[in-house]
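Step one of this worksheet: look at the structure below.
Values quoted throughout were computed directly from the atomic coordinates according to the rules given, and no laboratory measurement underlies them. Note that the structure is a prediction, hence the values are computed from the model and not measured. Here the Cβ is made from the backbone with ideal geometry for all residues, glycine too, and neighbour counts use every protein chain on show.
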Amino acid sequence: MATTSRVRLVDSEDGRRLRVEVAGDGDRVILAQTGTPNAGVLFEPWARDAAARGLRLVSYDRPGYGGSSPQPRRTVADCVTDVRAISTALGFARCAVWGFSGGGPHALACGALAGDLVAAVATIGSPAPPDAPGLDYFAGMPDDARQDHAMFTADRAAWESVSGQQCDVARARSHAEFVAAWSTGKAPVDKAVLGGDFGTWLDGAVRIGITPVIDGALDDNIALFYAPWGFDPASITVPVKVWHGAQDRFIAFAHGRWLAERIPGAEADLTDADGHLTVAAERIGDVHRWLARYL
């Protein structure tokens, strides 16, 4: 049975618009921070799993993505004020948060800076902070990640120009071209996921996120990979569980290990079998089950 999502437009504290998506009506709320570059479009199996557990699943377009207004020069930590605005508008005073890929740091920010609102946090394939001590940040990452960082450091204007051109290409390509582009250099488990329903959803979420502008993608990448996050993961006191797969060729496995070791008391599901996409595509029930214990 399909689960219908509803869209709400919420005003942020500083007057920006936030496009919010809600599935279910349960009193127990899980907020999902989607990846980069994505709009906050809910994958239907996520909503269906949440509904089966009596949970309300909420997501939103981070600033500059999809239907949400831009917020230039934002930090990862700035997402907390938007999450608070959403909680007020939707009428919940407590929630759990999971973040997938680039949404992982934003989920951690909620745990670090909104412990009164957030009961627990889960990350799926999350990067570590760019200034993570003791971490060889680019080891095990795609070559283009290192090249991207070098260009940003040497010539930010050129980096923005190239990023804009890449977004233009992404908007114009077919679904088959999307799958091929995202599969290059990736593990077989993730290639398989990209060829199925999750890949179709992801293609759509990316297109919505970067259309008609690229502000969200640029600001998200800067906040995630080129600027301080605005909090230390070691300061988090709410329960945290880190999911990361050894076959992840998007965000290196060492990032998941670093987060699990850095966050006090964090649990970890660090598996040899999973890639970057498999938990979000096929095992979200495990994440929801763990988070629901704290709601």
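With a cut-off of 8 Å between alpha carbons and a minimum separation of six or more residues, what is the relative contact order of region 170-255 in percent? Could you put the intermediate results ahead of the total?
Working: 36 pairs, mean separation 25.4, N = 86.
Here the relative contact order equals 30 percent.
What's the ranking of 154-160, 91-97, 59-65 by average number of surrounding C-beta atoms within 10 Å, highest first?
59-65, 91-97, 154-160
When Lys and Arg each count +1 and Asp and Glu each count -1, what net charge do the other residues less than 15 Å away from Val20, Cβ to Cβ, add up to?
Numbers: positive: Arg6, Arg8, Arg16, Arg17, Arg19, Arg56, Arg62, Arg84; negative: Asp11, Glu13, Glu21, Asp25, Asp61, Asp82.
Taking every Cβ under 15 Å from that of Val20, the sum is +2.
If you find the alpha carbon centre of region 169-246 and of region 104-143, how far apart are they in angstrom?
One Cα centre to the other: 14 Å.
Using just the helices of the chain, give the 222 nm mean residue ellipticity in deg cm²/dmol: DSSP H runs with n ≥ 4 each add -39,500 (n - 2.57), and the total is spread over all residues, rounded to 500. It would help to have the intermediate numbers written out before the result.
Working: 12 runs with 126 residues, N = 295.
That calculation yields -12500 deg cm²/dmol at 222 nm.
Going toward the positive end of the dipole of region 144-295, with +1 on Lys and Arg Cβ and -1 on Asp and Glu Cβ, which of Gly245, Ala170, His255 do you reach last?
Gly245
Considering the dipole of region 5-292 built from charges on the beta carbon (Lys and Arg +1, Asp and Glu -1) around the Cα centre, which of Val179, Val58, Ala89 is farthest to its positive end?
Ala89
Give, rounded to the nearest 20 debye, the magnitude of the charge dipole that region 137-226 has about its Cα centre when Lys and Arg contribute +1 at Cβ and Asp and Glu contribute -1 at Cβ. List each step's numbers first, then the result.
Numbers: 7 positive and 13 negative charges, 40 e Å.
Dipole of region 137-226, to the nearest 20 debye: 200 debye.
Which FRET efficiency value, to the nearest 0.05, is calculated for Ala172 and Thr237 with the Förster distance at 51 angstrom and r the Cβ-Cβ distance?
Working: r = 46 Å, r/R0 = 0.90.
Given R0 = 51 Å and the Cβ-Cβ separation, E is 0.65.
First measure r as the distance between the Cβ atoms of Thr88 and Arg156, then evaluate 1/(1 + (r/R0)^6) with R0 = 35 Å and state the FRET efficiency to the nearest 0.05. Could the numbers behind the result be given before it?
On the way: r = 36 Å, r/R0 = 1.02.
Using R0 = 35 Å, I get an efficiency of 0.45.
With a 10 Å radius around each residue's Cβ, average the other Cβ atoms per peptide and rank 169-181, 248-260, 40-52, highest first.
248-260, 40-52, 169-181
Relative contact order of the chain, please, whole-number percent, based on alpha carbon pairs below 8 angstrom and at least 6 residues apart. Before the final figure, lay out the partial values.
Values: 623 pairs, mean separation 68.2, N = 295.
The normalised contact order for the chain reaches 23 percent.
State the Cα centre-to-centre distance between region 254-285 and region 11-59 in whole Å.
21 Å
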